[in-house]
Every structure is written in structure tokens, then in C-alpha cells.
Amino acid sequence: MGAERIGYVDGETPLEGLLFRPTEAPRAAAAVFPTIMNTTPAVEAKAQALAEAGYLAMVCDLYGRTPADFAQSQDWAGELTRNVEMHRAQLYASLAALRIRAEGLPLLAIGFCMGGQAVLELARSGADLRAVASFHGLLQTLAPAQPDTVRARILVCHGYADPLVPREHVIAFWEEMDRAGADWHFHAYGKVKHGFTNPNPPPDNGVVDYDASADRQSWAAMLNFFDEVLG
């Protein structure tokens, strides 16, 4: 199953998505937001798995370019996420590109690491999405959800030993979602670190660590969640 390259823009910034189509008529369309390193083989594999499960899936572009290394990706990510309005506008540009190709299908969004944080930003902003699923995404935000604005149902799959997301961030997220009146689900996997869905983590990083069990369980949870949301 090959990917179709989709050109789109955020303002004057050219972006490129990768669109994976199912073999039969799709049941919904899913935006797939990648890690801080932008599109990677691991994220592309997840989008392909979504297509095999019957979804039109598009890997979205975070920067319009590929970082040379992790340090550069950190710089780019910081520039983007420090400006909430700019960040959310870029995420909405990706949704718009997918919506054109979805042809009226229900829209979903999933994300990994930085992409997991991105889909939560979309939900907080009131994006017209049926559901979002965040995998090992950061939970903090500079613009918390306001009461009665969250339209998407939310699934968070979290490694409870993630050093980037301490327990106080988890509790603060729960309280934020409650104040907003959101429909949210939170799955935590004990002893599991950051990036648990990536089978090829960077060596000797001490933060990202693949966990096959958490990877399988979280993916199954997402599929079941989408089944319930879509009816």
C-alpha cells in the first residue's frame, strides 16, 4: 500500500503530507501527527496500519522540512509551540488538507510524542473532530481548554514512567479536562517510558524506550475507541 504525497500550505509555508488509502471505502479520515523528528518510518507504519483497518490516513507535516538531528528538531519544535496561535493554525492547515480529501467522512486525529501533544491542542481549541488519540504526548499547554469548547472525545495513552510527563502534569491534565467538561479517557501503562510505540528509539537516550506490550495495548485501545465513537 503506497502513500500519495499531498502538497498543502500553512500561510506561506509549504507542507507535504503522506496519504494512505484503504483498499475499500473508508469509514473515517484520520490525521496522523508525527513526533518531534517529523515524519519517520515508525509513524508512517502507523498510518499504513490505520489504512489497513479501513481509515483514510494522512501523516501531517510539522515543519515543512526535515531536521538534521534531534537538537535541530528541538529548536524547531520550541519555536512552533511557544506561539500557541501559530502552532494551532499550522495544525488546522493539516486538517484542512485532509478534509478536502475526506469528502464528508468523519474526521479523527492521532499523534505521537509532539504529535500527541498536537492532537490535544486541537481538541482544546474546539476543532471539529469526532475523536483524538494521543500516544505518549506531552500534556502541558499554554492555552488550557475552556468550559464547553472541547468537541472531540479524547483518548490519552501514557507511559507512567515517562520522565517528560511527571505525575503533576497528569493530574493537572485531568483537572483541566474536568473543568472543560470534556469526554476523556486516560490509559496509563506502569513502568513504561516515553515513545513506547517507536520500535527504533534513539540509542542511549534514557527517555525513549519501546515497549511492545504497551504499543499493542494502546493501538487496540484506539481502535476500540474509534469503533465506539463511530458507531
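Readers should treat all values here as calculations from the given coordinates under stated rules, not as data from a laboratory. Because the structure is predicted, anything quoted here is derived from the model rather than measured. Cβ atoms come from the backbone with ideal geometry, glycine included; neighbour counts cover every protein chain shown.
Return the Cα extents of the stretch 182-231 along principal axes one, two and three, sorted largest first, each rounded to a whole Å.
Here the spans come out as 43, 20, 15 Å, largest first.
³J(HN,Hα) across the stretch 13-26 via Karplus (A = 6.51, B = -1.76, C = 1.60, θ = phi - 60°), whole Hz, x for Gly/Pro?
With coefficients 6.51, -1.76 and 1.60, one gets 8, x, 10, 9, x, 10, 9, 10, 10, x, 6, 10, 4, x Hz.
Can you pull the one-decimal nm distance between simple spin-label points at Tyr160 and Glu85, each 7 Å off the Cα toward Cβ?
4.1 nm
Sort Thr197, Thr66 by Cβ crowding within 10 Å, fewest neighbours at the top.
On the way: Thr197 25, Thr66 12.
Listing Thr197, Thr66 from fewest to most nearby Cβ atoms yields Thr66, Thr197.
Pick the calculated Cα Rg over 2.2 N^0.38 Å for this structure from (1) 1.04; (2) 0.93; (3) 1.21?
Given (1) 1.04; (2) 0.93; (3) 1.21, the calculated one carries the label (2).
To make sure I understand, if each residue's beta carbon is the centre and we count other beta carbons within 10 Å, what order do Val150, Val9 fall in, fewest to most?
On the way: Val150 25, Val9 12.
Arranged by neighbour count, lowest to highest, Val150, Val9 become Val9, Val150.
What percent does the relative contact order of the stretch 4-230 come to when contacts are Cα pairs within less than 8 Å and at least six residues apart?
Relative contact order comes out at 15 percent.
Could you tell me the calculated FRET efficiency between Gln74 and Glu228, based on Cβ-Cβ distance and R0 = 35 angstrom, to the nearest 0.05? Working shown, then result.
Values: r = 36 Å, r/R0 = 1.04.
Computed FRET efficiency for Gln74 and Glu228: 0.45.
So, counting K/R as plus one and D/E as minus one, what does the shell of residues with Cβ under 14 Å around Asp227 add up to? Please list the in-between numbers first.
Working: positive: Arg27, Arg130, Arg153; negative: Glu228.
Here the count lands on +2.
Give me the net charge of Lys46's neighbourhood, meaning all other residues with Cβ under 12 Å from the Cβ of Lys46; Lys, Arg count +1, Asp, Glu -1. Walk me through the numbers before you get to the answer.
Working: positive: none; negative: Glu44, Glu52, Asp215.
Spelling it out: positives minus negatives among the neighbours equals -3.
Could you compute the net charge surrounding Glu103? Neighbours are other residues with a C-beta less than 14 Å from the C-beta of Glu103; K and R count +1, D and E count -1.
Details: positive: Arg21, Arg27, Arg99, Arg101; negative: none.
Summing Lys/Arg as +1 and Asp/Glu as -1 gives +4.
Relative to the present Cα-Cα distance, how much length would full extension add between Asp204 and Arg65 at 0.36 nm per residue of separation? Walk me through the intermediate numbers first.
Working: separation 139, 0.36 × 139 = 50.04 nm, distance 2.57 nm.
Extending this stretch completely gives an extra 47.5 nm.
Under the √(5λ) rule applied to the eigenvalues of the Cα gyration tensor, what semi-axes describe the equivalent ellipsoid of the stretch 84-207? Give them in Å, descending. Don't skip to the answer; put the middle values down first.
Numbers: eigenvalues 117, 65, 31 Å².
Calculated on Cα positions only, the semi-axes equal 24, 18, 13 Å.
What order do you get for Thr23, Thr149, Thr141, Thr39 when you list them from fewest to most C-beta neighbours inside 10 Å? Could the numbers behind the result be given before it?
Working: Thr23 9, Thr149 14, Thr141 17, Thr39 21.
Exposure proxy ranking, most exposed first: Thr23, Thr149, Thr141, Thr39.
Collect residues whose amide H, placed 1.01 Å from N in the peptide plane, falls under 5 Å from the amide H of Asn38; neighbours closer than 5 in sequence don't count.
HN-HN under 5 Å from Asn38: empty list.
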